[in-house]
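*Asks:* Here's a structure for you.
A short reminder: the numbers here are calculations on the coordinates, not readings from a lab. None of the values given here were measured: they were computed from a predicted structure. Positions of Cβ are backbone-derived with ideal geometry, glycine not excepted, and every protein chain shown enters the neighbour counts.
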Amino acid sequence: MNDIVIQTEAITKTYVSGTNEVQAVRGIDLTVRKGEFVAIMGASGSGKSTLMNLLGCLDSPTSGSYELDAVRTEGLEKNELAAIRNQKIGFVFQGFNLLPRTTAIENVELPLLYDRSGKKRDTRALATAALERVGLADRLEHQPSELSGGQQQRVAIARALVTEPALVLADEPTGNLDTRTSMEVMKLFQELNEQGITIVLVTHEPDIAAYAKRIVEVRDGKIRLDHEVINRRNAAVDLQEAA
């Protein structure tokens, strides 16, 4: 059985502005297997955000190949990429991206409503289960304005999980949170990963990357380091020490 979730071969991304060309990603080879927890690190301008957009099928590479959960993505049309994003990727963003006048459970239901697979699902039951999974069983009918920042991010994580994707892709998920709440969110990510969920997290913070099992460092559009985390941080322990 193929356990590879992400497989890129020499992918590049070049942006053209007038007569100028900017090579944001320069021939990256990356493999992520099922059940991994990978942090992609890099400074501003390193190419990590462009790489995240390519991995999330939000953009297409200029050259090279990308296979996501056994599906080749290069050359696909926008609607085909949208279907792959919906079925295979759960996104978690820094700004939560929740609909403001919509309840938690309605926010989590949204990806199921856009599901093009033709499957008939009990969307409310699935959304309820996802919110229970992130510890928000008592917040189903709350709107984002009635939730703390950490709770809003948990709703966003539940929304990412509800379609049972092959990959959870988190872009600076603690960027709008204080230190303690960041630890709580990273503890949740660690727990979900222990349950077998594949997570790729994009961050510029070494302290956050240290909660992952593997760190990929990007600089000048290339992977400069790819290593297992030896002194891995434990969010549960950090929370106990902070109490």
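*Asks:* Suppose a student asked you for the relative contact order of region 48-103, using Cα pairs under 8 Å spaced at least 6 residues apart; what percent would you report? Walk me through the numbers on the way to the answer.
*Replies:* Values: 25 pairs, mean separation 14.7, N = 56.
26 percent.
*Asks:* Dipole magnitude of the chain about its Cα centre, charges +1 at Lys/Arg Cβ and -1 at Asp/Glu Cβ only, in debye to the nearest 20? Intermediate values should be presented prior to the final figure.
*Replies:* On the way: 28 positive and 34 negative charges, 59 e Å.
My answer is approximately 280 debye.
*Asks:* Hey, another quick one. For region 85-149, run through the chymotrypsin sites (Phe, Trp or Tyr not before Pro) and keep only the ones in DSSP coil with at most 13 other Cβ atoms within 10 Å of their Cβ. If you can, show how the numbers build up before the last one.
*Replies:* Details: sites: F91, F93, F96, Y114; in loops: F96, Y114.
Here the chymotrypsin sites (Phe, Trp or Tyr not before Pro) that fit, given the DSSP loop and packing criteria, are Y114.
*Asks:* Helix-only mean residue ellipticity at 222 nm, the chain, DSSP H runs n ≥ 4 weighted -39,500 (n - 2.57), per residue, nearest 500. What is it?
*Replies:* Working: 8 runs with 81 residues, N = 243.
Mean residue ellipticity at 222 nm (helix-derived): -10000 deg cm²/dmol.
*Asks:* If I take every Cα pair under 8 Å that is 6 or more residues apart in the chain, average their sequence separation and divide by the length, what percent do I get for the relative contact order?
*Replies:* On the way: 483 pairs, mean separation 65.0, N = 243.
Relative contact order comes out at 27 percent.
*Asks:* Taking a cut-off of 19 Å, what percent of all Cα-Cα pairs in region 118-236 are separated by more than that? Numbers along the way, then the final one.
*Replies:* Numbers: 3562 of 7021 pairs.
Tail of the P(r) past 19 Å holds 51 percent of the pairs.
*Asks:* Roughly what would the spin-label model give for R180 and A129, points 7 Å off Cα along C-beta, in nm?
*Replies:* Taking the simple label geometry, R180 and A129 are separated by 3.4 nm.
*Asks:* Given the C-alpha centroids of region 193-243 and region 128-160, what is the distance between them in whole angstrom?
*Replies:* 23
*Asks:* Cross-chain or 8 or more residues apart, Cα under 15 Å: how many lysine pairs in the chain fit that? Count them up, please.
*Replies:* Taking the Cα cut-off of 15 Å, the pair count is 7.
*Asks:* To two decimal places, what compactness ratio does region 1-92 give when its Cα radius of gyration is scaled by 2.2 N^0.38 Å? Walk me through the numbers on the way to the answer.
*Replies:* Values: Rg = 13.4 Å, N = 92, 2.2 N^0.38 = 12.3 Å.
Cα-based Rg divided by the globular estimate yields 1.09.
*Asks:* Could I ask something else about it? Longest segment of the chain with no GluC sites (Glu not before Pro) in a DSSP loop having at most 16 other Cβ atoms within 10 Å? Before the final figure, lay out the partial values.
*Replies:* On the way: sites that count: E74, E77, E141.
In the chain, the maximal stretch lacking such sites is 142-243.
*Asks:* According to a simple spin-label model (label point 7 Å from Cα along Cα-to-Cβ), what is the distance in nm between D29 and I230?
*Replies:* 2.5
*Asks:* Moving to a separate point now. What FRET efficiency comes out for the pair N79/L99, r = Cβ-Cβ distance, R0 = 25 Å, nearest 0.05?
*Replies:* Values: r = 23 Å, r/R0 = 0.91.
FRET efficiency, N79 to L99: 0.65.
*Asks:* Might you report the magnitude of the Cβ-based charge dipole of region 34-82 about its Cα centre, with Lys and Arg at +1 and Asp and Glu at -1, to the nearest 20 debye?
*Replies:* Working: 4 positive and 7 negative charges, 34 e Å.
Charge dipole of region 34-82: 160 debye, to the nearest 20.
*Asks:* Just in region 10-102: which trypsin sites (Lys or Arg not before Pro) are loop by DSSP and have at most 16 other Cβ atoms within 10 Å?
*Replies:* Numbers: sites: K13, R26, R33, K34, K48, R72, K78, R85, K88, R101; in loops: K34, R101.
Passing both the DSSP loop test and the Cβ count: K34, R101.
*Asks:* What number does region 48-188 give for Rg over Rh if you use C-alpha atoms and the Kirkwood radius? Please list the in-between numbers first.
*Replies:* Values: Rg = 15.5 Å, Rh = 15.8 Å.
Rg/Rh for region 48-188 comes to 0.98.
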